[in-house]
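Below: one structure, written as structure tokens.
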Amino acid sequence: MAVSLQVVYSTENGTTFNHEYYMKNHMELISSGMGKHWESVQVTKGLSGAGDTPAPFHAIATIIYKDQAALEASMAEAGPAFADVPNYYDGQPTVLIGEVQS
């Protein structure tokens, strides 16, 4: 069964997020190591919340894996990705691993 890894970057507490660095540098970094294990990746940049409220998230990255084994292989190579976080985000990302339902 397919599994997903979502990394959520909250806007809480006035955190900042460098979208340009993330897309140009961080995505290249994770693609070069972890990318061989995933099926697809999608990055959503937060624009707003419901109505006219500010976006609750700077970005959400969703990576889809064929199965749990592929996720585990990818995570074994995630050290450089985690070490890179302070270069573009000054908060603590939230990670959700889940079963893809549709």
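Starting from the stretch 71-89, keep only residues that are small (Gly, Ala, Ser), then list their pairs with residues that are in a loop (DSSP other than H, G, I, E, B) and surrounded by 14 or more Cβ atoms within 10 Å (Cβ to Cβ) whose Cβ atoms are within a distance under 7 Å, requiring at least 6 positions of separation or different chains. Between residues of the stretch 71-89 that are small (Gly, Ala, Ser) and residues that are in a loop (DSSP other than H, G, I, E, B) and surrounded by 14 or more Cβ atoms within 10 Å (Cβ to Cβ), the close pairs are Ser74/Met34; Ala78/Met34; Ala81/Met34.
Would you mind stating whether Ala69 is closer than 18 Å to Gly98 by Cα, in a strand (DSSP E or B), of a type outside the set (Phe, Trp, Tyr) and modelled with pLDDT of 95 or more?
Values: closer than 18 Å to Gly98 by Cα: yes; in a strand (DSSP E or B): no; of a type outside the set (Phe, Trp, Tyr): yes; modelled with pLDDT of 95 or more: yes.
Spelling it out, it is not the case that Ala69 is closer than 18 Å to Gly98 by Cα, in a strand (DSSP E or B), of a type outside the set (Phe, Trp, Tyr) and modelled with pLDDT of 95 or more.
The condition of being surrounded by 13 or more Cβ atoms within 10 Å (Cβ to Cβ), part of a strand (DSSP E or B), polar (S, T, N, Q) and modelled with pLDDT of 95 or more holds for only one of Gln6, Gln42, that being Gln6. Please verify whether the stretch 56-70 includes one or more residues that are surrounded by 13 or more Cβ atoms within 10 Å (Cβ to Cβ), in contact (Cβ under 8 Å) with a residue 24 or more places away in the chain and among the acidic types (Asp, Glu). Checked the stretch 56-70: no residue is surrounded by 13 or more Cβ atoms within 10 Å (Cβ to Cβ), in contact (Cβ under 8 Å) with a residue 24 or more places away in the chain and among the acidic types (Asp, Glu). The set of residues from the stretch 20-39 being farther than 19 Å from Met75 by Cβ and either crowded, with 16+ Cβ neighbours inside 10 Å or among the small types (Gly, Ala, Ser) (or both) comprises just one member, Tyr22.
The values are calculated or read from the model by the stated rules, or taken from the named source; none is laboratory data. Only a predicted model underlies this, so the values are computations on that prediction, with no experimental measurement involved. Virtual Cβ from ideal backbone geometry, glycine too; neighbours counted across all protein chains shown.
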